[in-house]
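Enquirer: Let me give you the structure first, and then I'll get to my questions.
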Amino acid sequence: MDRNSRASVQIPSTRTSGLSGVEPQAPDRRTIFCNDRRTNLPTPFPGNSISTTKFNIFTFLPKGLFEQFRRVANLYFLGISILAATPISPISPITNVVPLSMVLLISLTKEAFEDWKRRQNDNVINNRMIDVLQDQTWESVAWKNLQVGDIVRVKQDGYFPADLLFLASTNADGVCYIETANLDGETNLKIRKALEKTWEYLTSEKASEFQGEIECEQPNNSLYTFTGNLIFQAQTLPLSPNQILLRGCSVKNTGYIVGVVIFTGHETKVMMNSMNVPSKRSTLERKLDKLILALFATLFGICFIGAIGSGFFVSNKYFYLRLDVGGEGSGQFNSSNRFLVFVLTLFTLLTLYSPLIPISLYVSIEMVKFIQSTQFINNDWCMYHKETNTPALARTSNLNEELGQVEYIFSDKTGTLTRNLMEFFKCSIGDQVYGTGVTEIERQIAERNGMKIEENKSDTAVKEKGFNFDDDRLMQGAWRNEPNPDICKEFFRCLAICHTVLPEGDESPEKIKYQAASPDEAALVIAAKKFGFFFYRRTPTAIYVRESHVEKKGQLQDTSYEILNVLEFNSTRKRQSVICRYPDGRLLLYCKGADTVIYERLADGADDIKKLTREYLEQFGSSGLRTLCLAYKELSIHAYEIWNEKFVQAKSSLSDRDKKLDEVAELIETDLILIGSTAIEDKLQEGVPACIETLQRAGIKIWVLTGDKIETAINIAYASNLISNEMKKFIISAETDAMREVEERGDPVEIAHFIREEVKKQLKSSLEEAQSYLRSLSGQKLALVIDGKSLMHALDPSLRVMLLNLGLNCHGVVCCRVSPLQKAQVTRLVKKGANKITLSIGDGANDVSMIQAAHVGVGISGMEGMQAVMASDFAIAQFRFLADLLLVHGRWSYQRVCKVITYFLYKNLTFTLTQFWFTFQTGFSGQRFYDDWYQSLYNVIFTALPVIVVGLFDKDVSASLSRKYPGLYMEGIRNVFFKRSVVATWAFFSIYQSLILFNFVILPSSGAKNSAGKTLGHWDVSTMAYTCVIVTVNLRLFMICNSVTRWHLIAVGGSILAWFIFTFIYSVVKLGNEHFVIYVIMSTPYFYLTLLLVPFAALFGDFVFHGIQRWFFPYDYQIIQEIHRDEPESSNRTELLEVGSNLTPPEARSYAMSQLPREVSKHTGFAFDSPGYESFFASQFGVYSPLKAWDVARRASRRAPKTGHRK
Amino acid sequence: MASSGSGSAGSADAATARKHTKRPKYSKFTQQELPACKPILTPRAVISSFLIVSVFFIPIGVACLLASNDVVEIIDRYDSDCIPENFKNNKVGYIQSSIDKTCNRTLNVTKHMKSPIYVYYELDNFYQNHRRYVKSRNDDQLRDPKKGDSTEFCKPEDLSGGRAIVPCGLIAWSLFNDTYSFSRENNMLAVNKKGISWKSDREHKFGKDVFPKNFQNSSLIGGARLNESIPLSEQEDLIVWMRTAALPTFRKLYGRIEVDLNAGDQIHVTLKNYYNTYSFNGKKMLVLSTTTWLGGKNNFLGIAYLSVGGLCFFLAMAFTIIYFIKPRQLGDPSYLSWNRSPGGQ
């Protein structure tokens, strides 16, 4: 394609020598000449315009229709319509074409509308303006005209039009801040830093002089990696993701930036990431497929019977039929070839009975579910979270009814059960422990031991989000009077310096906001602020801290610490270090991390402090706190320089960069001096214990899958009501003494083997014990706790069955120390292995795989990370809303969809069977009983609306009762409304009804029907029968309604009325069989007597069945209805809401605490590996982070904010 | 602060924050609180609805039966009796021969029959509802003289010698052609054949200026011939015949006798047994019947009403007895599944 013709702007080549030197591009990399369109010309880079539409005007019909006909029902009806156009058909094609085209019309209109919206969106984006460098000035150019190699300027709050190489920014030090919300939903700012050599190319004059070649990888979809080099001024400079600005992100807090376009249009990383998400189908819908298959089988069955009959019937003796004469369709009645008659009649009957297959069923269900999700779930006040201003969001409407059948919930802990709101609670500095706060867990334990703890908050107690610490010895500078103020100082400095937090907003202690990847980090920095070490500014090379009380009480002093290196956190290192230079030139390394890794790296000596700190850590841990150890080390300049050389080398290496960095970091993180430890409280989310209890009463089993340590996880499990003291606990852990012994020997094969055997042994004994418990009548509930290492072996195919058996028998299961992959494996184990319906709920990137693996994925929204939400099917703001989502919406949706499906089955079967009975009376000729139009409008008009109304409004018991009686939910788990017997009952009664409807109308039809002695003909009888069918089928709907709103009345009455209006007009307008038929039959009293009798007689059976069923075998919901029969439905829902969880949050919490374990466990509760952590650092510093296939693909493609950037 | 990212946007300005609240708008629809009545099928409701149905249905059933019993009906099957002895084994041969088909029958009136008395012929095993038969007509042609040539769907009786047949098609072709004349004590009883078809058929489906053409001209004669000088709208036998029956056994109106017949009267019927039902072993019957408001004899409706009503009454009684013997307390929590089996399973 001619690139110049596509671009409306011409940029003259500023390179004169480049033309001849163009080499063919190597397939695995691309070379881009900056600021030089002509040289880039030979390489076919795509333009920057994007198109996310599925169709254009020409492809819409063929492609759209093709997609529609991939549905079996549609294809089947197309086939039938074609068949109906042939002479063998008893019906005219309109019978099938009308419903088919209506269904297609609705679906295609929806598609077209959506595509049109996408196109508009694309147009808006493609026509956005961006400043491009042309002839030393910035010219405003539409995005779509941008080309690879162009130099662009992006102003504050502007979006990057393509993937850019960052050259310069108005900020000092060549940094800029970007928001990646469109990419991963995270709203915190990230830093990007340009190469120092390019900082100066900021103005248009200067930038036009910029000439360089970029050699980089080919476009790919990895958001966090980039390898390439900038060849510039005869130097080769390595490029990292830190210099790459991705399309879809926006510039914040920066005047403007200048960059070179490297990937455009569909080659940008964000576009490469957009892919279609495989949609989940609900279990019920899959069962529905089976039902449709059964209907097809029935269809062929009755066609077969009819066809055999016709083979026998055909005979020349019926001279008035002139079967002996040829002519159109004569083969069908040729008595000399009965097999041919059989075959042709088979097809005839296939077209005749085609309404048996409910063509509008899928469309109706889709419509119902769409409204359920967009109108009911998304708008439910009970699931709106005021604090975060987040309503619930159904991201798919496919799975509403699946919510009503969930049996297993897999929940993440941090951010899901807990708030992910970390509060600095306690600390130990040197040999002292500080913090007078008492955790709820401690209080419960104390109370159980008969002690009452009075909490005496001092006046100085300061409480802020993230800080819940009180100790007079440290606050307000009082630490200067402590026995060892110097170590306190180090402690506070470590908190203030050793982190990767970004300050935002006004630089005053009250107004500043901290952007942190992990709330733990933010809590620590806030703590430093409260202690008088206020971190207020970060530049890429320095951290500014306003220190008070250091030299003298009350004195303020701004100090800047030069940051030399950041050795960042990752899950293998479990620690983080910062090397800084004091203003006086001293070099210090501050380190914080998990107790185990810090202790390994401590210098010898100071055993007292180590011992004491370890004790404190265990104390903190058993109180349910998350701990970190702090340490520091003074460096000599010489040693540092030697080390730094290695570090720079490692950092610029192109392969295995992070591994090398880890290795280099090991070299300097040695001989540390322990300062102390911090303890952070991870608060439970509001209403979690009550919600878990409710869900458990609903027959749902909850598994908590967490990355936390076993002790922390057990604590939270107790606190959240998942495990109680009455339960028998099985703990399977790879942390036994025997295992440690083997581990010390260090042979990996032996370790693996040993652990495997050990896990097997533990599993086996637990399983035996569990089974004996189940057999005994004690009814004791069981709980299982298993750690990640054991899980790894337990998930092995040979042990999997045992694990599954054990897990399924337990009421609560806690898996600790599990990786994201294991979370998904466990979910899949239950989903596939036990064939149960599963739901996963989580909030972070580490939950994405689990969310996608489960039948239903629920993301916690309104928090920082959006990755889980992007991958989820439903998003709610709080764990406790799960009760509403499942017990109210899920249960209702399940019941409604079941009703819609079974009713569809019933009405089509009843209708078609009347036709089938008629076939016997017509010599199996396949004569239609009803008029073409009547038959074709049966499904789409006369019986369409009421069932949708039921699908939307039917309500067995109110929302508050659904919450009050969680046991009702078990009806969904047992699938009582769509099991075989239910379907069979419906089918049985539809056979019964069709027999009544047909015979009661047709048997007395011979003989005079009015006082003038006139008789009725075929079409008179069929119209009467049809009227009876319409009335019966619509009235039958009332019998399945639990509540009748005026919409029910309008829909049912309207449908019957529509039939009469239609036939009144139709029989006058159209000359033919039905001409004036309705007026003829309505002139006879016989018609009215029949119309009264037949529906009654037909519904009589159902009525008796319902009466007996309700009397002797009532469903649970029916009992509840009866209990609350006389209660008026209150419209004040907030009042009713409290029926479900009538505990206030503090009450609920203390109730939860009473369930805590009695034994004090010896653990230190290290928990710093918060979900977003790794990716945060990766994006922050451009370090390679393991590509997570499960999150990248999805998150970028999903979010389409109003501002309109679409990926 | 951990969540300041979203918080800062929201709390920047309290006023705008309130405006930007994402709290869904309240409506009874979205909160699923539409006013509704909740019918519950309690035993009492079941019993009373049964009672109500029986209270309504039994009288209706009685009324229907009474009406049906008022009808006096004389049925005479003559197809085999009208075959001479020597043709008993060759009925088809007889009917296709040109022998005189006159047949005399005597009907005994057992009960007073009030005029008008309707005369019907009843055919059996005659598939007027056969697919090939039903569609073999052309309504345009029957109504509109300009469309006399449209013979679509009429095969094989569409053309005769290359010219369109009016009325075309198998239905018209196979028009019933037995004729009946009645006499009582040597007095002829006139049979009025006017107004035996539905008015809408006469006025809307069969044209006043459409005349039969080329009818029954081909070698094979199916049934009656039509007088080509009478328009179709007045050919009432044809109109009645062409309102095809729903079942293979059907009755069609032949005419009216407009005098009362007394009990004990003997009616002599002279009939021309032309129509061939012998090929397919069909019965032919002559029916004389009076009518009531409900029409002819129709016990089915009355019996059905009485059965449904009676069954409802019986069930109402049975349920009442059960209600007293083994009552189920409404809303008894012990029926709840999680109470029935301990452990919530």
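Enquirer: Conditions: (1) surrounded by fewer than 17 Cβ atoms within 10 Å (Cβ to Cβ); (2) of a type outside the set (Phe, Trp, Tyr); (3) over 21 Å from B:THR179 (Cβ atoms). B:VAL46 meets all but one. Number of the miss?
Expert: (1)
Enquirer: Can I ask one more? Return yes when B:VAL240 is in a loop (DSSP other than H, G, I, E, B) and either at the interface with chain A (Cβ under 9 Å from one of its Cβ atoms) or farther than 23 Å from B:HIS130 by Cβ (or both) and no when it is not.
Expert: The answer is no for B:VAL240.
Enquirer: Check region A:403-411 and report whether any residue there is at pLDDT below 85 and not aromatic (Phe, Trp, Tyr).
Expert: Within region A:403-411 (the criterion being at pLDDT below 85 and not aromatic (Phe, Trp, Tyr)), the answer is no, since none of the residues qualifies.
Enquirer: Would you confirm whether any residue within region B:268-278 is part of a strand (DSSP E or B), out of contact with any strand residue (DSSP E or B) (no Cβ under 8 Å at 6 or more places or on another chain) and not basic (Lys, Arg)?
Expert: There is no residue in region B:268-278 that is part of a strand (DSSP E or B), out of contact with any strand residue (DSSP E or B) (no Cβ under 8 Å at 6 or more places or on another chain) and not basic (Lys, Arg).
Enquirer: Which one is farthest from A:SER861 (Cα to Cα) among residues in region A:340-388 that are hydroxyl-bearing (Ser, Thr, Tyr) and within 30 Å of the chain's Cα centre (by Cα)?
Expert: A:SER360
Enquirer: Also: Is it the case that region B:42-54 has a residue that's under 25 Å from A:MET1039 (Cβ atoms) and part of a loop (DSSP other than H, G, I, E, B)?
Expert: Checking region B:42-54: at least one residue is under 25 Å from A:MET1039 (Cβ atoms) and part of a loop (DSSP other than H, G, I, E, B).
Enquirer: Which condition number in (1) assigned to a loop (DSSP other than H, G, I, E, B); (2) surrounded by 15 or more Cβ atoms within 10 Å (Cβ to Cβ) is the one that A:CYS580 fails?
Expert: All conditions pass for A:CYS580, except number (1).
Enquirer: So how many residues does region A:1007-1031 have that are within 8 Å of another protein chain (Cβ to nearest Cβ) and closer than 15 Å to A:TRP917 by Cβ?
Expert: 3
Enquirer: Could I ask something else about it? With the condition kept exactly as written, say whether any residue in region B:206-219 is away from chain A (no Cβ under 11 Å), among the β-branched types (Val, Ile, Thr), touching a residue at least 40 places away in the same chain (Cβ under 8 Å) and assigned to a loop (DSSP other than H, G, I, E, B).
Expert: Yes, region B:206-219 contains a residue that is away from chain A (no Cβ under 11 Å), among the β-branched types (Val, Ile, Thr), touching a residue at least 40 places away in the same chain (Cβ under 8 Å) and assigned to a loop (DSSP other than H, G, I, E, B).
Conditions tested, residue by residue: (1) at the interface with chain A (Cβ under 8 Å from one of its Cβ atoms); (2) closer than 26 Å to A:SER962 by Cα; (3) within 40 Å of the chain's Cα centre (by Cα).
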position: B:TYR26; (1), (2), (3): yes, yes, no
position: B:PHE29; (1), (2), (3): yes, yes, no
position: B:ILE40; (1), (2), (3): yes, yes, yes
position: B:PRO43; (1), (2), (3): yes, yes, yes
position: B:ILE52; (1), (2), (3): no, no, yes
position: B:VAL55; (1), (2), (3): no, no, yes
position: B:VAL62; (1), (2), (3): no, no, yes
position: B:LEU66; (1), (2), (3): no, no, yes
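Enquirer: Still on this structure, please answer the following. Take the residues in region A:287-318 that are surrounded by fewer than 18 Cβ atoms within 10 Å (Cβ to Cβ) and either within 14 Å of chain B (Cβ to nearest Cβ) or more than 30 Å from A:ARG71 (Cβ to Cβ) (or both); name whichever of them is modelled with the highest pLDDT.
Expert: Of everything passing the filter in region A:287-318, A:ILE308 is modelled with the highest pLDDT.
Enquirer: Among the residues of region B:300-315, is any more than 10 Å from every other protein chain (Cβ to nearest Cβ), free of Cβ contacts under 8 Å to residues at least 40 places away in the same chain, over 27 Å from B:THR106 (Cβ atoms) and among the hydrophobic types (A, V, I, L, M, F, W, C)?
Expert: Yes, some residue in region B:300-315 is more than 10 Å from every other protein chain (Cβ to nearest Cβ), free of Cβ contacts under 8 Å to residues at least 40 places away in the same chain, over 27 Å from B:THR106 (Cβ atoms) and among the hydrophobic types (A, V, I, L, M, F, W, C).
Enquirer: Also: Just wondering, is there one or more residues in region A:597-610 that are part of a strand (DSSP E or B), modelled with pLDDT of 85 or more and either more than 30 Å from A:GLN476 (Cβ to Cβ) or touching an Asp or Glu at 6+ places or on another chain (Cβ under 9 Å) (or both)?
Expert: Taking every residue of region A:597-610 in turn, at least one turns out to be part of a strand (DSSP E or B), modelled with pLDDT of 85 or more and either more than 30 Å from A:GLN476 (Cβ to Cβ) or touching an Asp or Glu at 6+ places or on another chain (Cβ under 9 Å) (or both).
Quick grid of which residues meet (1) more than 12 Å from chain B (Cβ to nearest Cβ); (2) surrounded by fewer than 21 Cβ atoms within 10 Å (Cβ to Cβ); (3) without any contact (Cβ under 8 Å) to a residue 24 or more places away in the chain:
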| residue | (1), (2), (3) |
| --- | --- |
| A:LEU346 | yes, yes, no |
| A:GLU366 | yes, yes, no |
| A:SER373 | no, no, no |
| A:PHE376 | no, no, no |
| A:GLN405 | yes, no, no |
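Enquirer: So the check is Cβ under 8 Å with 6+ separation or different chains; which pairs have a first residue in region A:288-316 that's of a type in the set (D, E, K, R) and a second one that's surrounded by 15 or more Cβ atoms within 10 Å (Cβ to Cβ) and part of a loop (DSSP other than H, G, I, E, B)?
Expert: From residues that are of a type in the set (D, E, K, R), there are no pairs.
Enquirer: How do the strands (runs of 3 or more DSSP E) wholly within region A:193-277 filter down when requiring 3 or more residues that are more than 16 Å from A:LEU164 (Cβ to Cβ), in contact (Cβ under 8 Å) with a residue 40 or more places away in the chain and of a type in the set (A, V, I, L, M): which remain?
Expert: none
Enquirer: May I ask you to say which residue of A:THR1090, A:THR1084, A:THR1045, A:THR1063 is in contact with a Gly (Cβ under 9 Å, 6 or more places away or on another chain) and among the polar types (S, T, N, Q)?
Expert: Testing whether each residue is in contact with a Gly (Cβ under 9 Å, 6 or more places away or on another chain) and among the polar types (S, T, N, Q) leaves just A:THR1084.
Enquirer: Can you tell me which residues in region A:490-534 are of a type outside the set (Asp, Glu), within 13 Å of chain B (Cβ to nearest Cβ) and assigned to a strand (DSSP E or B)?
Expert: Residues satisfying the conditions are A:LEU502, A:PRO503, A:LYS513, A:TYR514, A:GLN515.
Enquirer: Is there any pair with a first residue in region A:780-800 that is closer than 17 Å to A:THR712 by Cβ and β-branched (Val, Ile, Thr) and a second that is part of a helix (DSSP H, G or I) and at pLDDT 85 or above whose Cβ atoms are under 8 Å apart and which are 6 or more apart or on different chains, and what are they?
Expert: If the second residue must be part of a helix (DSSP H, G or I) and at pLDDT 85 or above, the pairs left are A:ILE786/A:ALA794; A:ILE786/A:LEU803.
Residue-wise test of (1) crowded, with 21+ Cβ neighbours inside 10 Å; (2) β-branched (Val, Ile, Thr).
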| residue | (1), (2) |
| --- | --- |
| B:THR290 | yes, yes |
| B:LYS297 | yes, no |
| B:ALA304 | yes, no |
| B:GLY309 | yes, no |
| B:PHE313 | no, no |
| B:ILE321 | no, yes |
| B:PHE324 | no, no |
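Enquirer: Would you call A:ILE680 surrounded by fewer than 24 Cβ atoms within 10 Å (Cβ to Cβ), in contact (Cβ under 8 Å) with a residue 40 or more places away in the chain and over 24 Å from the mean Cα position of the chain (by Cα)?
Expert: Here the answer is no, as A:ILE680 does not meet what is asked.
Enquirer: Take B:LYS326 and decide whether it is more than 8 Å from every other protein chain (Cβ to nearest Cβ) and among the basic types (Lys, Arg).
Expert: The answer is yes for B:LYS326.
Enquirer: For B:ARG225, are the conditions met, namely being closer than 30 Å to A:VAL1001 by Cα, modelled with pLDDT under 90 and more than 10 Å from chain A (Cβ to nearest Cβ)?
Expert: Against the criterion (closer than 30 Å to A:VAL1001 by Cα, modelled with pLDDT under 90 and more than 10 Å from chain A (Cβ to nearest Cβ)), B:ARG225 does not qualify.
Enquirer: Go through (1) at pLDDT 90 or above; (2) more than 10 Å from chain B (Cβ to nearest Cβ) and name the single condition A:GLU1135 misses.
Expert: (1) is the only condition that A:GLU1135 fails.
Enquirer: Now a separate question. Of all residues in region A:915-969, how many are more than 13 Å from chain B (Cβ to nearest Cβ) and over 30 Å from B:ALA36 (Cα atoms)?
Expert: Qualifying residue count, region A:915-969: 5.
The values are calculated or read from the model by the stated rules, or taken from the named source; none is laboratory data. Worth saying up front: this structure is predicted, and the values here are computed from it rather than measured. Methodologically, a virtual Cβ is constructed for each residue, glycine included, from the backbone with ideal geometry; neighbour enumeration extends over all protein chains shown.
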